[in-house]
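The structure appears below as structure tokens.
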Amino acid sequence: MHVPWYLYLPIAGSSVNILLVLSLGLLVGLLSGIFGVGGGFLMTPLLIMIGIPPTVAAASDSNQIVGASTSGTIAHFRLGNVDFKMGILLLIGGVIGGTVGVQIIKILRQLGNADFLIKITYVLMLGFIGSYMLMESIQSLKKSKKAVDISEAPVPAGESKYAMLVKKLPFQTDFTRSGVRLSILMPLVLGVFVGILAAIMGVGGGFIMVPVMVYLLRMPMHVVVGTSLFQILFTCIDVTIMQAYTNHTVDFVLALLLLLGSTVGAQFGARISKKLKGEQIKIFLAILVLLVMVKMLLGLLLPPKVFLAYTGGH
Amino acid sequence: MRWKTLCIISVLVVAGILFVQEGIGLCEAGMTVRIEPSTLLLGTFYRGTDIKITGTVPDGCDVVVRFMGIEKELHLKKKGKVLGLLWMNLDTFKFKGVPNVCLIYSSTRLASDTSKAKEARDEAWKLSLEALENRIGIEPEPKDRSFLIKELIKMKKLEGLYLESEGSVTVVSGDGEQRTFEAHVNVPSSLTPGKYVIEVYALRDGRIVETKTTPVEAKLVGFPAFLYNLAFNHALLYGLLATMVAIAGGLLMGVIFGAGKGAH
């Protein structure tokens, strides 16, 4: 009998190769399990490339991430890598920040040239975060080879003022999983900050949240990955339901195929993450962030194939 | 005398009308079209299909077959350079009357004489993709209208929704009065449900001699139909279900892998 390798996607209005979509899911799930990022930066453009309309690609991807991050969170929870207290505080901040960010972007769009500002800011930020992470982790990897590494979280020189300030803040509390003592205000405020940025940039925020947790909250890299996944789970539940309800852009068949691959990938990813050192994860993530930046920059610099583009949210 | 003349003239005119109508009638009888299938079923395993169009046209005629979708309004952004360096999406334009699908198959060349002005070109050219320029309106009126339409056609071609294939209709000469033709429309896999038409034109020396339009419907059936209905008519339930299935999938994978690890 003829094996049907293709499925018709009712919402996307297109048909896809099952094996192709499964392997895409597997790859992105793997990345999310290792680095604690949603993977939307990779998945959405790849889906558009195989003929899925952009709005459907983004919405169905967030549905898929719900599955992948559930799977990843469980795997990391078993390894003791999820700081629920920290995660919930960041999440609350993130929701507030997201709401504020959506309003900011409305104002920016009215002022005109918003897309330009957003893209440039995003490229610069990815470039800065990526190179800082790369240099810092290479340095501390060199150090740890010479001396016995005590703490996974590095304390770069010249940041003592920041440390002093952090210690002076009120509502100090222990985050046992992360092994840090901080003011409750810290994750809340930083959550708001990342939420605003994520809403403006139109991305999940994993790329910004992970470095914030590592460098500003001084959490160990492994706990950062688990906690980040825990937060992404809730953000994507929200996005999926909103997209399905208001825009009808979630293609369930596509999401199901993707999540079959990504939930498996996330489990293997968590295992790989466990085997890697915190510094190694940081180096790979930094390279990934820089690659995304280069790709965005090329998209801005190279002349386009077609001089027209669909407007978002048609 | 005058009455007689008037009568004769009237008889001649009536006869003339009858004769001309008879003539037209003969011409119509000269063209037949058969379409197989006339309904496209978009089921779970749909991945594009082939429509076979056969029929007869008057002898010496060329054939053009067009598979056309409904006309829609599209909102597109034009890309341009900012600071002379960076490519960004800039002005938004409203494109009106853009057919969502336009597949053209012909037994002859449509782009006849490109040296002529567009207004002076023959009717065959008016069936080509290039001639869509006459049908599509852009708001606000851009300076580079022709360029934008060309880009729109290019974009739709890349999506596989526009096509112009010359020499793809086979015509076999017949008995001196009629000739038979056969065309295959490759319906793309990215097809949205809705109404489409197949237009068949018989051309002689670049002029349209006869036309026949047949409606074709693409409809969702089976599981895709069920999901589509759920997504559009019970959106909240659909969103909640999609999320819950995803969480259940993640949990299941967690349990499976967790159990595997426990056995170690």
For every helix of n ≥ 4 consecutive DSSP H residues, a contribution of -39,500 (n - 2.57) applies; sum these over chain A, divide by its total residues, and give [θ] at 222 nm rounded to the nearest 500 deg cm²/dmol. -24000 deg cm²/dmol
Quick one: order A:102, A:210 by neighbouring beta-carbon count within 10 Å, fewest to most. A:102, A:210
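Evaluate peptide A:240-246: per residue, the Cβ atoms of other protein chains within 10 Å of its Cβ; return the mean as an integer. Each step should come with its number before you reach the end.
Values: counts 5, 7, 1, 3, 12, 6, 3.
Per-residue shielding by partner chains comes out at 5.
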Please turn the phi angles of the stretch B:213-220 into ³J(HN,Hα) values with the Karplus equation 6.51 cos²θ - 1.76 cosθ + 1.60 (θ = phi - 60°), one per residue in order, whole Hz, x for glycine and proline. 10, 10, x, 10, 10, 10, 10, 6
Once you have all Cα-Cα distances for the stretch A:1-143, histogram them in 10 Å bins from zero and send the whole-percent values. 9, 24, 35, 24, 6, 1, 0
Neighbour-count order for A:221, A:43, fewest beta carbons within 10 angstrom listed first: A:221, A:43
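When only DSSP loop residues count, what GluC sites (Glu not before Pro) in the stretch B:154-205 have their Cβ near at most 16 other Cβ atoms within 10 Å?
Values: sites: B:159, B:164, B:166, B:177, B:182, B:199; in loops: B:159, B:177.
Those that pass, being in a loop and sparsely packed, are B:159, B:177.
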A correct Karplus calculation of ³J(HN,Hα) over the stretch A:43-56, with 6.51 cos²θ - 1.76 cosθ + 1.60, θ = phi - 60°, whole Hz and x for Gly and Pro, returns 5, 4, x, 5, 5, 4, 4, 8, x, 8, x, x, 5, 5
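So if R0 is 60 Å, what FRET efficiency would residue A:238 and residue B:166 give, r being the distance between their Cβ atoms, rounded to the nearest 0.05? Let's see the in-between values first.
Numbers: r = 52 Å, r/R0 = 0.86.
With R0 = 60 Å, the Cβ-Cβ based efficiency is 0.70.
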Please give every one of the aspartates and glutamates within straight-line cross-link reach of residue B:126, meaning a C-alpha to C-alpha distance under 20 Å, and leave out same-chain neighbours fewer than 8 residues apart. B:62, B:71, B:113, B:151, B:164, B:166, B:199, B:205, B:210
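In the protein assembly as shown, what is the volume of the convex hull around the alpha carbon atoms, normalised per residue and reported in Å³?
Numbers: hull volume 126.9 nm³, N = 578.
Looking at the protein assembly as shown, the number lands at 220 Å³ per residue.
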Out-of-range pairs (alpha-carbon distance over 26 Å; input B:79/B:157; A:295/B:143; A:119/B:150; B:154/B:195; A:161/A:275): A:295/B:143; A:119/B:150; A:161/A:275
Near residue A:282, which aspartates and glutamates are there with a Cα under 14 Å away, not counting those fewer than 8 places off in the same chain? A:136, A:152
Under the rule of at least 5 residues apart or a separate chain, name every residue whose amide H is placed under 5 Å from the amide H of residue B:79. A:308, A:309, B:90
Please give, to one decimal in nm, the separation of the simple spin-label points placed at residue B:207 and residue B:4, each 7 Å out from Cα toward the Cβ. 3.8
Give me the angle, in degrees from 0 to 90, between the Cα long axis of helix A:114-146 and the longest principal axis of the Cα atoms of chain A, rounded to the nearest 10. 50
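Listing B:87, B:125 from the residue with the fewest other Cβ atoms within 10 Å to the one with the most, what is the order? Can you show the working numbers first?
Details: B:87 16, B:125 19.
Least to most surrounded, the residues fall as B:87, B:125.
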Working from Cα positions, state the angle (0 to 90°, nearest 10) between the long axis of helix A:252-275 and the longest principal axis of chain A. 30
Starting at 0 and stepping by 20 Å, how many percent of the alpha carbon pairs of chain A end up in each bin? 31, 58, 10, 0
If R0 is 45 Å, what FRET efficiency do you get for residue B:81 and residue B:226 from their C-beta distance, rounded to 0.05? 0.45
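Percent relative contact order of chain A, based on C-alpha pairs within less than 8 angstrom and at least six residues apart?
Numbers: 483 pairs, mean separation 127.2, N = 314.
Relative contact order, chain A: 41 percent.
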Pseudo-spin-label distance residue A:167 to residue B:143, built 7 Å along Cα→Cβ, given in nm, is 6.3
Quick shape summary for the stretch A:203-303, equivalent ellipsoid via Cα gyration tensor, semi-axes whole Å in descending order, reads 26, 20, 15
Between the stretch B:204-246 and the stretch B:38-100, how far is it from one alpha carbon centroid to the other, in angstrom? 16
PRE reach from residue A:174 (point 7 Å along Cα→Cβ): which of the stretch A:215-234 fall under 17 Å by backbone N? A:220
5 Å is the cut-off here: which amide hydrogens, built 1.01 Å from N in the peptide plane, fall below it relative to residue B:210, excluding neighbours closer than 5 in sequence? B:202
How many angstrom separate the Cα center of the stretch A:182-241 from the Cα center of the stretch B:140-170? 44
Dimensionless Rg over Rh [the stretch B:50-193; C-alpha; Kirkwood]: 1.06
R0 = 51 Å: FRET efficiency of residue B:159 with residue A:138, Cβ-based, nearest 0.05? 0.70
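A short reminder: the numbers here are calculations on the coordinates, not readings from a lab. This structure is a prediction, so every number in the text was calculated from the model and none was measured. Neighbour counts are summed over all protein chains in view; Cβ atoms, including those assigned to glycine, are modelled from backbone coordinates with ideal geometry.
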